[in-house]
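Peer 1: Quick one: structure below, then a few questions.
The values are calculated or read from the model by the stated rules, or taken from the named source; none is laboratory data. This one's a predicted model, so the numbers in the text were calculated from it and none came from an experiment. Here the Cβ positions follow ideal geometry from the backbone for every residue, glycine too, while neighbour counts run over all protein chains shown. For accessibility, only protein heavy atoms count, side chains too; no ligands or nucleic acids. Shrake-Rupley method; radii C 1.70, N 1.55, O 1.52, S 1.80 Å.
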Amino acid sequence: MTVQRIRVLPEPVLRQKAKRVSTIDSSIQQLIDDMVETMQQAKGVGLAAPQVGVPLRVVVLQMPDEEPITIINPQIVKRSGEREVPEACLSLPGYAGEIKRSVLVLSL
């Protein structure tokens, strides 16, 4: 596993539309492993592939004391409720704010 450089705004890859992953092969598994390592080293709870310079629809998440979760080609099909939560982004260092988020999200 290799810690990758986290891209920060205004780097263009962060504004590109990410592409669907068509095949999960060893290169995608290596990307996932590197993303988890990068997220953990940065003390983040989530990281998307574009944040490490790869415009693919891959996300890794990890809550404290839990195993990492990988989501490939996520698609929200239903959401409900709304709440404000504090949030920060590894691609916007030093910035944090209150964000409106759904209470429940179902995805494919």
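Peer 1: If you work out P(r) over Cα pairs in 10 Å bins from 0, in percent from the coordinates, which of (1) 13, 42, 39, 6; (2) 13, 43, 32, 11, 1; (3) 15, 51, 29, 5 do you get?
Peer 2: (1)
Peer 1: Taking the Cβ of Glu82 as the centre, find all other residues whose Cβ is under 10 Å away and add up their charges (Lys, Arg: +1; Asp, Glu: -1). Spell out each step's value before the answer.
Peer 2: Numbers: positive: Arg79, Arg83, Lys100, Arg101; negative: Glu84.
Charge balance in the 10 Å sphere: +3.
Peer 1: Roughly how many Å² is the accessible area per residue of the chain, as a whole number, for a 1.4 Å probe?
Peer 2: Values: 7540 Å² over 108 residues.
Per-residue accessible area for the chain comes out at 70 Å².
Peer 1: Continuing with this model, one more query. So, with a 1.4 angstrom probe, what is the percent of accessible area on the chain that is carbon and sulfur?
Peer 2: Working: 4080 of 7540 Å².
C and S fraction of accessible area: 54 percent.
Peer 1: Further question: Could you tally the net charge around Val105, taking each other residue with its Cβ under 15 Å from the Cβ of Val105, Lys/Arg +1 and Asp/Glu -1?
Peer 2: Working: positive: Lys78, Arg79, Arg83, Lys100, Arg101; negative: Glu82, Glu87.
Combined, the nearby Lys, Arg, Asp and Glu give +3.
Peer 1: Would you tally the net charge around Asn73, using a Cβ to Cβ cut-off of less than 11 Å, leaving Asn73 out, and scoring K and R as +1, D and E as -1? Spell out each step's value before the answer.
Peer 2: Working: positive: Lys19, Arg20, Arg57; negative: none.
For residues surrounding Asn73, the net value is +3.
Peer 1: Express the relative contact order of segment 10-106 as a whole percentage, based on alpha carbon pairs under 8 Å and six or more residues apart in sequence.
Peer 2: Working: 133 pairs, mean separation 21.0, N = 97.
Worked out over segment 10-106, it gives 22 percent.
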